[in-house]
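The values are calculated or read from the model by the stated rules, or taken from the named source; none is laboratory data. Fair warning: this is a prediction, and the values are worked out from it, not measured in the lab. Quick reminder, even Gly has a Cβ in these numbers, built from the backbone with ideal geometry, and neighbours come from all protein chains shown.
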Amino acid sequence: MLIPAKVPTSEIIRPAFEDMGVRLYLKRLDRINELVSGNKFFKLKYNLEEARRQGKSTLLTFGGAFSNHIYATAAAAKQGGFECIGIIRGEETKPLNPTLQYAEDAGMRLHYISREEYRKKKQDQFLESLREKFGAFFLIPEGGTNSLAIKGAAEILGNEDEDFTHVTSSVGTGGTLAGLAKRIQPNQHLLGFSSLKGEFIHGEISELLDKFHIKPKGELTIVDNYHFGGYGKFQPELIEFIRKFHYLHQIPLDPVYTGKMMYGVIEMIKQGFFPKGSRILAIHTGGLQGIAGFNSRFNASLPSE
Ligand SMILES: *Cc1c(COP(=O)(O)O)cnc(C)c1O
(Lines give C-alpha, C1' and ligand atoms only; values in the text may rest on other atoms or scores of the structure.)
Protein backbone atom coordinates (compact mmCIF):
# COMPACT_ATOMS: atom_id res chain seq x y z
CA MET A 1 0.00 0.00 0.00
CA LEU A 2 2.68 2.49 1.03
CA ILE A 3 5.72 1.67 -1.05
CA PRO A 4 9.11 2.37 0.56
CA ALA A 5 12.15 3.41 -1.44
CA LYS A 6 15.56 2.06 -0.50
CA VAL A 7 17.10 4.76 1.68
CA PRO A 8 20.78 5.66 1.77
CA THR A 9 22.81 5.85 4.97
CA SER A 10 25.40 8.59 4.41
CA GLU A 11 28.53 9.12 6.44
CA ILE A 12 28.95 12.68 7.72
CA ILE A 13 32.64 13.37 7.55
CA ARG A 14 34.28 16.16 9.54
CA PRO A 15 37.81 16.53 10.90
CA ALA A 16 36.35 17.13 14.39
CA PHE A 17 34.79 13.64 14.41
CA GLU A 18 38.04 12.07 13.32
CA ASP A 19 39.84 13.89 16.15
CA MET A 20 37.38 12.38 18.63
CA GLY A 21 37.70 8.93 17.07
CA VAL A 22 34.01 8.57 16.21
CA ARG A 23 32.09 8.09 12.98
CA LEU A 24 28.67 9.58 12.29
CA TYR A 25 26.10 8.29 9.80
CA LEU A 26 22.70 9.59 8.81
CA LYS A 27 19.91 7.23 7.78
CA ARG A 28 17.90 9.21 5.25
CA LEU A 29 14.26 8.40 6.00
CA ASP A 30 13.44 11.72 4.37
CA ARG A 31 13.94 9.74 1.14
CA ILE A 32 11.63 6.82 1.97
CA ASN A 33 8.64 8.09 0.02
CA GLU A 34 8.25 11.29 -1.90
CA LEU A 35 5.20 12.41 0.07
CA VAL A 36 4.80 10.19 3.13
CA SER A 37 8.22 11.07 4.43
CA GLY A 38 10.42 10.10 7.33
CA ASN A 39 9.16 8.43 10.47
CA LYS A 40 5.55 9.16 9.47
CA PHE A 41 5.80 6.52 6.76
CA PHE A 42 6.53 3.88 9.40
CA LYS A 43 3.97 5.24 11.85
CA LEU A 44 1.16 5.21 9.29
CA LYS A 45 1.94 1.96 7.51
CA TYR A 46 0.16 -0.49 9.86
CA ASN A 47 -2.58 2.01 10.68
CA LEU A 48 -3.60 2.04 7.04
CA GLU A 49 -3.51 -1.74 6.91
CA GLU A 50 -5.69 -1.94 10.00
CA ALA A 51 -8.17 0.61 8.61
CA ARG A 52 -8.46 -1.48 5.48
CA ARG A 53 -8.87 -4.68 7.50
CA GLN A 54 -11.71 -3.06 9.46
CA GLY A 55 -13.35 -2.01 6.20
CA LYS A 56 -13.11 1.69 7.05
CA SER A 57 -12.86 3.93 4.01
CA THR A 58 -12.17 7.18 5.88
CA LEU A 59 -9.25 8.19 8.09
CA LEU A 60 -9.56 11.00 10.63
CA THR A 61 -6.73 12.64 12.50
CA PHE A 62 -5.68 15.79 14.38
CA GLY A 63 -2.87 18.27 14.02
CA GLY A 64 -1.58 21.82 14.00
CA ALA A 65 -1.55 23.96 10.87
CA PHE A 66 2.06 23.13 9.98
CA SER A 67 2.00 19.50 11.09
CA ASN A 68 4.15 16.90 9.35
CA HIS A 69 1.63 14.33 10.51
CA ILE A 70 -1.29 16.09 8.77
CA TYR A 71 0.71 16.34 5.55
CA ALA A 72 1.82 12.70 5.71
CA THR A 73 -1.67 11.42 6.56
CA ALA A 74 -3.17 13.31 3.62
CA ALA A 75 -0.51 11.85 1.31
CA ALA A 76 -0.88 8.33 2.72
CA ALA A 77 -4.68 8.44 2.41
CA LYS A 78 -4.34 9.46 -1.20
CA GLN A 79 -1.80 6.72 -1.98
CA GLY A 80 -3.89 4.14 -0.14
CA GLY A 81 -7.21 5.19 -1.67
CA PHE A 82 -8.82 6.43 1.57
CA GLU A 83 -10.97 9.45 2.20
CA CYS A 84 -9.57 11.58 4.98
CA ILE A 85 -10.47 14.30 7.43
CA GLY A 86 -8.00 16.56 9.21
CA ILE A 87 -9.14 18.25 12.42
CA ILE A 88 -6.95 21.34 12.61
CA ARG A 89 -6.18 23.28 15.78
CA GLY A 90 -7.10 26.98 15.54
CA GLU A 91 -8.83 29.22 13.07
CA GLU A 92 -8.69 28.91 9.33
CA THR A 93 -6.39 31.46 7.70
CA LYS A 94 -6.41 32.18 4.00
CA PRO A 95 -4.46 31.73 1.89
CA LEU A 96 -3.74 28.28 3.26
CA ASN A 97 -0.15 27.68 4.31
CA PRO A 98 1.81 25.19 2.14
CA THR A 99 1.15 22.25 4.50
CA LEU A 100 -2.63 22.69 4.53
CA GLN A 101 -2.74 23.60 0.85
CA TYR A 102 -1.02 20.32 0.05
CA ALA A 103 -3.35 18.39 2.38
CA GLU A 104 -6.43 19.95 0.81
CA ASP A 105 -5.15 19.33 -2.73
CA ALA A 106 -4.50 15.69 -1.78
CA GLY A 107 -8.18 15.42 -0.85
CA MET A 108 -8.13 15.91 2.92
CA ARG A 109 -11.24 17.62 4.28
CA LEU A 110 -10.04 20.27 6.71
CA HIS A 111 -12.13 21.03 9.75
CA TYR A 112 -10.98 23.74 12.15
CA ILE A 113 -11.67 23.72 15.86
CA SER A 114 -10.76 26.11 18.68
CA ARG A 115 -7.87 25.39 21.01
CA GLU A 116 -10.31 24.60 23.83
CA GLU A 117 -12.19 22.09 21.74
CA TYR A 118 -8.93 20.64 20.52
CA ARG A 119 -8.04 19.66 24.08
CA LYS A 120 -10.98 17.25 24.02
CA LYS A 121 -9.42 15.27 21.18
CA LYS A 122 -9.13 12.09 23.25
CA GLN A 123 -12.55 12.26 24.90
CA ASP A 124 -15.14 9.68 23.86
CA GLN A 125 -17.97 12.20 23.81
CA PHE A 126 -16.08 14.52 21.50
CA LEU A 127 -15.08 11.67 19.18
CA GLU A 128 -18.73 10.59 19.14
CA SER A 129 -19.77 14.07 18.01
CA LEU A 130 -17.24 13.80 15.18
CA ARG A 131 -18.76 10.44 14.18
CA GLU A 132 -22.20 12.05 14.07
CA LYS A 133 -20.83 14.80 11.89
CA PHE A 134 -18.60 12.80 9.53
CA GLY A 135 -19.81 9.21 9.72
CA ALA A 136 -17.62 6.19 10.51
CA PHE A 137 -13.86 6.70 10.42
CA PHE A 138 -10.62 5.08 11.46
CA LEU A 139 -9.06 7.29 14.10
CA ILE A 140 -5.37 8.07 14.03
CA PRO A 141 -4.42 10.08 17.14
CA GLU A 142 -2.60 13.42 17.03
CA GLY A 143 1.03 12.84 16.12
CA GLY A 144 0.04 9.35 15.01
CA THR A 145 1.33 7.51 18.08
CA ASN A 146 -0.43 4.24 18.93
CA SER A 147 0.60 0.59 19.10
CA LEU A 148 0.47 0.18 15.31
CA ALA A 149 2.70 3.24 14.88
CA ILE A 150 5.22 1.82 17.33
CA LYS A 151 5.16 -1.53 15.52
CA GLY A 152 5.94 0.33 12.29
CA ALA A 153 8.64 2.50 13.86
CA ALA A 154 10.45 -0.63 15.08
CA GLU A 155 11.06 -1.39 11.39
CA ILE A 156 13.11 1.78 10.95
CA LEU A 157 16.14 -0.23 12.05
CA GLY A 158 17.19 -3.25 10.00
CA ASN A 159 19.72 -6.04 10.52
CA GLU A 160 22.27 -3.91 8.70
CA ASP A 161 22.07 -1.35 11.54
CA GLU A 162 23.09 -3.72 14.33
CA ASP A 163 26.78 -2.81 14.16
CA PHE A 164 26.23 0.79 15.17
CA THR A 165 27.08 1.53 18.78
CA HIS A 166 24.60 4.42 19.11
CA VAL A 167 21.29 5.28 17.46
CA THR A 168 19.83 8.80 17.75
CA SER A 169 16.41 10.20 16.90
CA SER A 170 14.39 13.33 17.53
CA VAL A 171 11.40 13.07 19.86
CA GLY A 172 7.94 14.63 19.70
CA THR A 173 5.28 12.33 21.16
CA GLY A 174 7.90 9.59 21.59
CA GLY A 175 6.19 7.01 19.38
CA THR A 176 9.17 6.76 17.08
CA LEU A 177 11.59 6.45 19.99
CA ALA A 178 9.42 3.72 21.51
CA GLY A 179 9.61 1.76 18.24
CA LEU A 180 13.38 2.16 18.09
CA ALA A 181 13.61 1.13 21.76
CA LYS A 182 11.83 -2.09 20.85
CA ARG A 183 14.41 -2.87 18.21
CA ILE A 184 17.79 -1.85 19.65
CA GLN A 185 20.34 -4.52 20.55
CA PRO A 186 22.04 -5.05 23.93
CA ASN A 187 25.27 -3.51 22.62
CA GLN A 188 23.49 -0.35 21.38
CA HIS A 189 22.75 2.93 23.13
CA LEU A 190 19.64 4.80 21.97
CA LEU A 191 19.44 8.58 22.43
CA GLY A 192 16.23 10.55 21.96
CA PHE A 193 16.53 14.32 21.49
CA SER A 194 13.43 16.13 22.69
CA SER A 195 12.10 19.00 20.56
CA LEU A 196 9.92 20.06 23.47
CA LYS A 197 10.93 22.09 26.45
CA GLY A 198 10.73 20.50 29.86
CA GLU A 199 11.63 17.49 31.91
CA PHE A 200 8.11 16.05 31.58
CA ILE A 201 9.35 14.21 28.50
CA HIS A 202 11.28 11.71 30.64
CA GLY A 203 8.06 10.66 32.39
CA GLU A 204 6.14 10.68 29.13
CA ILE A 205 8.57 8.27 27.49
CA SER A 206 8.69 5.88 30.43
CA GLU A 207 4.88 5.84 30.55
CA LEU A 208 4.79 5.06 26.85
CA LEU A 209 7.30 2.21 27.23
CA ASP A 210 5.32 0.81 30.19
CA LYS A 211 2.01 1.08 28.39
CA PHE A 212 3.28 -0.89 25.41
CA HIS A 213 5.42 -3.29 27.48
CA ILE A 214 8.66 -2.25 25.82
CA LYS A 215 11.86 -3.14 27.66
CA PRO A 216 14.79 -1.91 25.59
CA LYS A 217 17.64 -4.41 25.43
CA GLY A 218 20.20 -1.60 25.24
CA GLU A 219 20.68 1.66 27.11
CA LEU A 220 18.22 4.52 26.54
CA THR A 221 18.90 8.21 27.21
CA ILE A 222 16.57 11.17 26.71
CA VAL A 223 18.45 14.38 25.96
CA ASP A 224 16.36 17.41 26.92
CA ASN A 225 18.67 20.40 26.46
CA TYR A 226 18.57 20.97 22.69
CA HIS A 227 14.98 22.21 22.35
CA PHE A 228 16.02 25.82 21.49
CA GLY A 229 13.16 27.32 23.46
CA GLY A 230 10.53 24.63 22.92
CA TYR A 231 8.37 23.01 20.28
CA GLY A 232 8.32 25.09 17.09
CA LYS A 233 10.68 27.63 18.67
CA PHE A 234 14.16 28.34 17.40
CA GLN A 235 17.20 30.56 17.89
CA PRO A 236 19.50 32.10 15.26
CA GLU A 237 22.29 29.61 16.03
CA LEU A 238 19.99 26.71 15.08
CA ILE A 239 19.19 28.30 11.72
CA GLU A 240 22.86 29.05 11.18
CA PHE A 241 23.71 25.41 12.01
CA ILE A 242 21.14 24.03 9.54
CA ARG A 243 22.45 26.27 6.77
CA LYS A 244 26.04 25.30 7.45
CA PHE A 245 25.15 21.60 7.63
CA HIS A 246 23.54 21.84 4.22
CA TYR A 247 26.50 23.75 2.81
CA LEU A 248 28.98 21.15 4.07
CA HIS A 249 27.01 17.95 3.45
CA GLN A 250 24.23 18.84 0.96
CA ILE A 251 21.66 17.36 3.34
CA PRO A 252 18.61 19.41 4.38
CA LEU A 253 17.43 19.39 8.01
CA ASP A 254 14.18 20.81 9.38
CA PRO A 255 14.10 23.39 12.19
CA VAL A 256 11.51 21.59 14.34
CA TYR A 257 13.06 18.16 14.78
CA THR A 258 16.07 16.92 12.80
CA GLY A 259 18.01 20.21 13.00
CA LYS A 260 17.81 20.19 16.80
CA MET A 261 18.83 16.55 17.01
CA MET A 262 21.85 16.93 14.70
CA TYR A 263 22.93 20.07 16.53
CA GLY A 264 22.81 18.11 19.78
CA VAL A 265 24.59 15.03 18.39
CA ILE A 266 27.44 17.11 16.97
CA GLU A 267 27.79 19.13 20.19
CA MET A 268 27.93 15.92 22.22
CA ILE A 269 30.57 14.46 19.90
CA LYS A 270 32.70 17.58 20.43
CA GLN A 271 32.16 17.36 24.20
CA GLY A 272 33.44 13.78 24.20
CA PHE A 273 30.16 12.10 25.17
CA PHE A 274 30.72 9.28 22.66
CA PRO A 275 33.68 6.99 23.45
CA LYS A 276 36.45 6.54 20.89
CA GLY A 277 35.46 3.94 18.33
CA SER A 278 31.74 4.86 18.46
CA ARG A 279 29.77 4.42 15.26
CA ILE A 280 26.72 6.64 15.57
CA LEU A 281 23.60 6.22 13.44
CA ALA A 282 21.42 9.33 13.43
CA ILE A 283 17.92 8.86 12.01
CA HIS A 284 16.78 11.59 9.63
CA THR A 285 13.07 11.49 10.45
CA GLY A 286 12.09 13.81 7.59
CA GLY A 287 9.96 16.90 8.24
CA LEU A 288 11.19 18.75 5.18
CA GLN A 289 7.66 19.63 4.06
CA GLY A 290 7.50 22.16 6.92
CA ILE A 291 10.39 24.23 5.62
CA ALA A 292 8.36 26.14 3.00
CA GLY A 293 5.91 27.30 5.67
CA PHE A 294 8.75 28.12 8.05
CA ASN A 295 10.54 30.20 5.43
CA SER A 296 7.47 32.22 4.58
CA ARG A 297 6.47 32.81 8.22
CA PHE A 298 9.91 33.87 9.39
CA ASN A 299 11.24 35.32 6.16
CA ALA A 300 14.02 32.72 6.23
CA SER A 301 15.61 30.78 3.37
CA LEU A 302 16.36 27.31 4.71
CA PRO A 303 17.04 24.75 1.97
CA SER A 304 14.48 21.95 1.70
CA GLU A 305 16.33 19.61 -0.63
C1 LIG B 1 6.63 13.72 13.88
C2 LIG B 1 8.11 13.88 13.80
C3 LIG B 1 8.97 13.52 14.85
C4 LIG B 1 8.44 13.06 16.18
O5 LIG B 1 7.98 11.75 16.15
P6 LIG B 1 7.28 11.15 17.44
O7 LIG B 1 7.01 9.76 17.08
O8 LIG B 1 6.02 11.94 17.67
O9 LIG B 1 8.21 11.33 18.60
C10 LIG B 1 10.33 13.62 14.68
N11 LIG B 1 10.84 14.09 13.52
C12 LIG B 1 10.07 14.47 12.50
C13 LIG B 1 10.71 15.04 11.29
C14 LIG B 1 8.68 14.38 12.60
O15 LIG B 1 7.91 14.78 11.57
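Looking at the structure I just gave you, is TYR46 aromatic (Phe, Trp, Tyr), at pLDDT 95 or above and either out of contact with any Leu (no Cβ under 7 Å at 6 or more places or on another chain) or surrounded by 24 or more Cβ atoms within 10 Å (Cβ to Cβ) (or both)? For TYR46, the condition - aromatic (Phe, Trp, Tyr), at pLDDT 95 or above and either out of contact with any Leu (no Cβ under 7 Å at 6 or more places or on another chain) or surrounded by 24 or more Cβ atoms within 10 Å (Cβ to Cβ) (or both) - is not met. Looking only at the stretch 267-283, filter to residues that are more than 16 Å from LEU190 (Cβ to Cβ) and touching a helix residue (DSSP H, G or I) at 6+ places or on another chain (Cβ under 8 Å); which one of those is nearest to the ligand (Cβ to nearest atom)? The selected residue is ILE269.
Of all the listed residues (PHE245, PHE241, PHE274, PHE228), the sole one being of a type in the set (Phe, Trp, Tyr) and within 21 Å of ARG31 (Cα to Cα) is PHE245.
Hey, any hits in the stretch 201-223 for a residue that's within 21 Å of ASP254 (Cα to Cα) and surrounded by fewer than 17 Cβ atoms within 10 Å (Cβ to Cβ)? Within the stretch 201-223, not a single residue is within 21 Å of ASP254 (Cα to Cα) and surrounded by fewer than 17 Cβ atoms within 10 Å (Cβ to Cβ). Of all the residues in the stretch 8-43, those that are crowded, with 17+ Cβ neighbours inside 10 Å and either among the hydrophobic types (A, V, I, L, M, F, W, C) or without any contact (Cβ under 8 Å) to a residue 24 or more places away in the chain (or both) number 12.
Can you tell me which residues in the stretch 238-253 are of a type in the set (Asp, Glu) and in contact with a Phe, Trp or Tyr (Cβ under 8 Å, 6 or more places away or on another chain)?
Filtering the stretch 238-253 down to residues of a type in the set (Asp, Glu) leaves 240.
Scanning the stretch 238-253 gives no hits.
What residue, of GLU34, GLU50, is within 16 Å of the ligand (Cβ to nearest atom), farther than 19 Å from ASP163 by Cβ and not hydrophobic (A, V, I, L, M, F, W, C)?
On the way: GLU50 fails: within 16 Å of the ligand (Cβ to nearest atom).
The conditions single out GLU34.
Filter the stretch 259-289 for residues that are of a type in the set (S, T, N, Q), in contact (Cβ under 8 Å) with a residue 24 or more places away in the chain and more than 15 Å from THR9 (Cβ to Cβ) and give the result. Walk me through how you get there before you give the answer.
Within the stretch 259-289, the subset of a type in the set (S, T, N, Q) is 271, 278, 285, 289.
Cutting the leftovers down to in contact (Cβ under 8 Å) with a residue 24 or more places away in the chain gives us 278, 285, 289.
Answer for the stretch 259-289, where residues must be of a type in the set (S, T, N, Q), in contact (Cβ under 8 Å) with a residue 24 or more places away in the chain and more than 15 Å from THR9 (Cβ to Cβ): SER278, GLN289.
Consider the stretch 110-159. How many of its residues are within 24 Å of the chain's Cα centre (by Cα) and among the aromatic types (Phe, Trp, Tyr)? Here the count works out to 4. Filter the stretch 64-80 for residues that are under 14 Å from the mean Cα position of the chain (by Cα) and among the polar types (S, T, N, Q); which is surrounded by the most Cβ atoms within 10 Å (Cβ to Cβ)? Looking at the filtered set, the residue picked out is THR73.
Answer yes or no as to whether GLU162 is under 15 Å from the mean Cα position of the chain (by Cα) and within 20 Å of LYS6 (Cβ to Cβ). Lay out the reasoning, then the answer.
On the way: under 15 Å from the mean Cα position of the chain (by Cα): no; within 20 Å of LYS6 (Cβ to Cβ): yes.
No: the conditions fail for GLU162.
As for the stretch 124-143, it holds at least one residue that is buried (at least 20 other Cβ atoms within 10 Å of the Cβ) and at pLDDT below 95. Considering the conditions (1) in contact with a strand residue (DSSP E or B) (Cβ under 8 Å, 6 or more places away or on another chain); (2) within 14 Å of the ligand (Cβ to nearest atom); (3) at negative phi, ILE184 is excluded by exactly one of them, (2). Return yes or no: is THR61 within 14 Å of the ligand (Cβ to nearest atom), outside any helix (DSSP H, G or I) and surrounded by 24 or more Cβ atoms within 10 Å (Cβ to Cβ)? Yes; evaluated as a whole, the condition is true for this residue.
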